[in-house]
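Here the structure is laid out as structure tokens; the discussion comes afterwards.
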Amino acid sequence: MNHSNPFTYGNPITDAARFVGRARQIEQVFSRLRNVEFESSSLVGERRVGKTSLLYHLADAAVQRAHGLDPARYHFLYVDLALVDATTTPARLWQYLLGRLETSLPARAFEELDRTALDNFALAEFFDRLGAQGQYVVLLLDEFENVTRNANFGPDFFYGLRSLAIHHKLALLTSSRRELIELTHSDEIRSSPFFNIFANINVRLFSPDEARALIANALADDEIAFSASETDALLDYAGAHPYFMQVACHFLYAAYAQRHSDAAREMFWRGEFRKQAAPHLAEYWRHSDDKEKIVLAALALAETPRGAAQGEWDLSALRALLARSERVLAHLDKRGLVRRLQERYALFSAFWREWIVNALPEQTFELDTGGTIPFVQALQTALAQSELTESFAETELPAGLSPRELEVLQLVASGLSDAQVARKLVLSPRTVSTHLQSIYNKLGVNSRVAATRFALEHRLVKNPPKK
Ligand SMILES: Nc1ncnc2c1ncn2[C@@H]1O[C@H](COP(=O)(O)OP(=O)(O)O)[C@@H](O)[C@H]1O
Ligand SMILES: [Mg+2]
């Protein structure tokens, strides 16, 4: 018997029939494209969580039709920005994009385009002409950090792109590991309103239903079926994470195809899964900051059955630290490294827990003062010192405002003039106006009225001005 394994994990999913779940994210993207503003979105998620697969799926003509966009008029172009390197310039990138578009757009769209002078005006005219012909372009820009981090792509490039997206009927779908606002190499770009044209759409773990659908979908026409208890064990050990599930399922399927006994099957898939998964978990760990590592370690130890050989950890101290770490946990949830249960957070899989507990003894922690200490010592300190752990409780500020900017915004929104704010905070009027400019940029507004409205909508003011 020759089975071809229906579970794959090396490459993104390109066949819409093999793509599972993500219905809510897909509808979010399309509903923003369908509205008159033709709005852009940014997919944010960790490596391997399924961003590229999702972009390919969105680029599928049948999927577009099913979501109310006519593929004869809406042209989706997938671009892997890993191609961008130190020698790439914005002009070169546009040349490449237009070359690719030429294969799907009507020839007359290109008649008046002078490709040797591709400035923002030429591009604006190009997309305007297309719009007038009822043709629209959606650029799917995978691994967008390759341009936000590239010094050749300065504010001009991002302002140009923003203007095309707002006024000239171009839509962008980006994917990146972190939110765009956290990525860029320059403060000037970070404080520009470029990023507020995007809605962030987080690509996280699968829901339990999506996870089960992945298995059911792959095995629908197959004579091999996983038993219910095997499926439960697999979901517990690999987690509801598309990549890790595909890996575990791949090896469980292979064990069936090789006609292993029940016990041998389990040994086989778990062993192969660990080998394949470990380097990716190591990568998630490396890509976590100190606070995230402390919280991940506390979760792993709190979840580990007592009596295991990890040394003695005070369970109530671990829980107390976790209770103070809402902001970090929420961020780890966005990254898909933990999942939210009803009353608490848990690591996304049993193997992730195992991996962390085993890795801890070798980890070190860099001190602010220079020098390193063993990680477990840093964790002990975090558990003991209320001061170190209190900062874990900070809540995330909206729109990337700094604590000082929040203060200024609150005062402005409660009706104070610049001079009054300056007196109240003991700042110079000039500093207040610098803060205000930065606040406007981050909120994407250009008046006190609009900033005040933002503050009210986000419940940032305790005493709104009396009318
Ligand atoms: N929606 C999905 N349905 C089925 N499998 C998926 C899905 N999304 C991701 N996968 C699996 O996860 C792997 C990694 O996905 P990929 O799109 O390459 O992630 P990313 O671009 O975020 O790094 C894919 O090779 C595939 O095995
Ligand atoms: Mg990818």
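The values are calculated or read from the model by the stated rules, or taken from the named source; none is laboratory data. These numbers come from a predicted model, not from an experiment. As a convention, Cβ positions derive from the backbone with ideal geometry for all residues, glycine included, and neighbour counts pool all protein chains shown.
Between ALA165, ALA216, ALA211, ALA171, the distinction of being outside any helix (DSSP H, G or I) and either aliphatic (A, V, I, L, M) or within 13 Å of ligand 1 (Cβ to nearest atom) (or both) belongs to ALA171 only.
State yes or no: is PHE244 in a helix (DSSP H, G or I) and more than 16 Å from THR8 (Cβ to Cβ)?
Numbers: in a helix (DSSP H, G or I): yes; more than 16 Å from THR8 (Cβ to Cβ): no.
It is false that PHE244 is in a helix (DSSP H, G or I) and more than 16 Å from THR8 (Cβ to Cβ).
Residues in the range 89-129 that are among the acidic types (Asp, Glu) and outside any helix (DSSP H, G or I) were compared, and the one that is surrounded by the fewest Cβ atoms within 10 Å (Cβ to Cβ) is GLU111.
Would you confirm, using the coordinates I've provided, whether THR52 is within 16 Å of ligand 2 (Cβ to nearest atom) and among the polar types (S, T, N, Q)? Criteria met by THR52. With respect to the conditions (1) of a type outside the set (Asp, Glu); (2) free of Cβ contacts under 8 Å to residues at least 12 places away in the same chain; (3) in a helix (DSSP H, G or I); (4) touching a Phe, Trp or Tyr at 6+ places or on another chain (Cβ under 8 Å), ALA378 lacks only one, and its number is (2).
Yes or no: ARG177 under 19 Å from PRO155 (Cα atoms), assigned by TED's automatic domain parsing to the domain that holds THR148 and under 19 Å from the mean Cα position of the chain (by Cα)?
Considered against the rule, which asks whether it is under 19 Å from PRO155 (Cα atoms), assigned by TED's automatic domain parsing to the domain that holds THR148 and under 19 Å from the mean Cα position of the chain (by Cα), ARG177 comes out as no.
Among the conditions (1) more than 23 Å from LEU205 (Cα to Cα); (2) in contact with a Leu (Cβ under 9 Å, 6 or more places away or on another chain), the only one that SER316 does not satisfy is (2). Inspection of the range 214-224 finds no residue satisfying the criterion of being away from ligand 2 (no atom under 16 Å from the Cβ), in contact (Cβ under 8 Å) with a residue 12 or more places away in the chain, of a type in the set (Asp, Glu) and closer than 23 Å to LEU332 by Cα. Is at least one residue of the range 72-86 touching a helix residue (DSSP H, G or I) at 6+ places or on another chain (Cβ under 9 Å), within 15 Å of ligand 2 (Cβ to nearest atom), among the aromatic types (Phe, Trp, Tyr) and in the same structural domain as SER163 (by TED's automatic domain parsing)? Within the range 72-86, one or more residues are touching a helix residue (DSSP H, G or I) at 6+ places or on another chain (Cβ under 9 Å), within 15 Å of ligand 2 (Cβ to nearest atom), among the aromatic types (Phe, Trp, Tyr) and in the same structural domain as SER163 (by TED's automatic domain parsing).
Residues that are hydrophobic (A, V, I, L, M, F, W, C) and assigned to a loop (DSSP other than H, G, I, E, B) were ranked within the range 37-53; the one that is surrounded by the most Cβ atoms within 10 Å (Cβ to Cβ) is VAL49. Please enumerate the residues belonging to the range 42-78 that are away from ligand 1 (no atom under 15 Å from the Cβ) and either free of Cβ contacts under 8 Å to residues at least 12 places away in the same chain or among the hydroxyl-bearing types (Ser, Thr, Tyr) (or both). ALA61, ARG65, ALA66, ASP70, PRO71, ALA72, TYR74 - these are the residues of the range 42-78 that are away from ligand 1 (no atom under 15 Å from the Cβ) and either free of Cβ contacts under 8 Å to residues at least 12 places away in the same chain or among the hydroxyl-bearing types (Ser, Thr, Tyr) (or both).
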